[in-house]
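Written below as structure tokens is the structure these notes are about.
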Amino acid sequence: MNRWRLDGSTVLITGGTKGIGKATAEELASLGAKVCVVARSKSQIDASLNEWRQAGLTIEAICGDVSTEAGRAGIMAEVKARYPKLHGLVNNVGKNIRKKALEYSAKEYHDIMSTNLESAFELSRLCYPLLQGGAIVNVVSVAGLTHLRTGAPYGMSKAALVQLTRNLAVEWASAGIRVNAVAPWYTRTELVGALLEDKGYLKEILHSTPLGRIGEPEEVARAVTFLLMPAASYITGQCLAVDGGFTAFGF
Ligand SMILES: NC(=O)c1ccc[n+]([C@@H]2O[C@H](COP(=O)([O-])OP(=O)(O)OC[C@H]3O[C@@H](n4cnc5c(N)ncnc54)[C@H](OP(=O)(O)O)[C@@H]3O)[C@@H](O)[C@H]2O)c1
């Protein structure tokens, strides 16, 4: 067995048609994994599948919403019909609404929590029977490790996801399931595209980033991929920041 490859593995990635999820799907497929991505937009799925087919990558897709119970039930029915076993689950979907704490409506709070946190908790539990001996990677954020100007619910959802990572790592170790997290800092994707266009804000971000640049989705994807590999066989319950040194930077 080559511990730096994923031949014969099947990996499910939520939110794999854009940004970090898409880069992860491509990295995993290039290392031999059969990958299935989940996203809501059918047209975006079709465009991605077409691109991957032309690139010779084995990536399939399921259309569904991970933030609702009905959405997850539909996704899992499809997953079980297609794959007898999963070697990896990447809980990557995330959203944000940036506001001051006093300004959030109950609906906005619930949207962020159900998309970022509940989806990962429930999908991990639903995939558990298929994942025996496999691995989970939760895509969190450095906003779950320290204060950022993201708004409280986003930071809260990501901090809870870091703790979910630790709890499941311990509970599911006996099933041979490793559970880890990757925490990106600013990464060039649609999620933060508008923010990065603000020159003043970008300057402040770069000032807090020892490596002096924004991350690329492929750089986060490589960390996720490593944690899914046999090469990471003794690593569980950890959160790896992919942040250009942001969390190490003091004064
Ligand atoms: N980019 C950054 O700077 C950054 C920094 C720290 C952490 N992160 C985290 O990294 C993860 C990925 O972020 P990204 O920047 O790559 O995001 P992105 O570019 O906005 O891509 C999000 C992906 O998730 C899918 N998606 C969104 N909501 C969904 C839902 N309810 N059900 C199913 N699919 C859904 C989207 O497709 P559809 O819209 O078609 O569903 C898309 O494929 C998130 O958890 C985010 O919080 C990002």
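The values are calculated or read from the model by the stated rules, or taken from the named source; none is laboratory data. Keep in mind the model is a prediction, meaning the values are calculated, not measured. Here the Cβ is made from the backbone with ideal geometry for all residues, glycine too, and neighbour counts use every protein chain on show. These accessible areas exclude ligands, DNA and RNA; they are computed on the full protein's heavy atoms, side chains included. Shrake-Rupley method; radii C 1.70, N 1.55, O 1.52, S 1.80 Å.
Table for the structure above
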| read-out | value |
| --- | --- |
| Between helix 69-82 and the chain: long-axis angle, C-alpha atoms, 0 to 90°, nearest 10 | 40 degrees |
| Surface per residue (accessible, 1.4 Å probe) for region 180-251, Å² | 55 Å² |
| Restraint check, K85/K107; K99/K203; K34/K203, Cα-Cα greater than 32 Å | K85/K107; K34/K203 |
| Anisotropy class of the chain from Cα gyration tensor, a/c 1.5 cut | rounded |
| Net +/- balance of residues flanking E60 in space, Cβ distance below 11 Å, scoring K and R +1, D and E -1 | +2 |
| Shape call, region 1-84: gyration tensor on alpha carbons, a/c limit 1.5 | oblate |
| Degrees, to the nearest 10: 217-228 long Cα axis against longest axis of the chain | 50 degrees |
| Inter-probe distance in nm under a simple model that places probes 7 Å from Cα toward Cβ, at A231 and K107 | 4.7 nm |
| Net lengthening on full extension, T146/Q238 (0.36 nm per residue, minus Cα-Cα) | 31.5 nm |
| Distance between modelled label sites at S41 and Q163, nm, 7 Å Cα→Cβ extension | 3.4 nm |
| Summed residue charge, Cβ within 15 Å of Q132's Cβ, Lys/Arg positive, Asp/Glu negative | +3 |
| Tail weight of P(r) past 17 Å, computed on alpha-carbon pairs of region 116-198, percent | 50 percent |
| Within the accessible area of the chain (1.4 Å probe), percent carbon and sulfur | 55 percent |
| Sum of -39500 (n - 2.57) over DSSP H runs of 4+, divided by residues of the chain (222 nm, nearest 500) | -12500 deg cm²/dmol |
| Contact order normalised by residue count of the chain, Cα under 8 Å, 6+ apart, percent | 20 percent |
| A55 versus S174: modelled label distance in nm, points set 7 Å from Cα along the beta carbon direction | 4.1 nm |
| Per residue accessible area in Å² of region 125-176, where ligands, DNA and RNA are left out and the probe is 1.4 Å | 41 Å² |
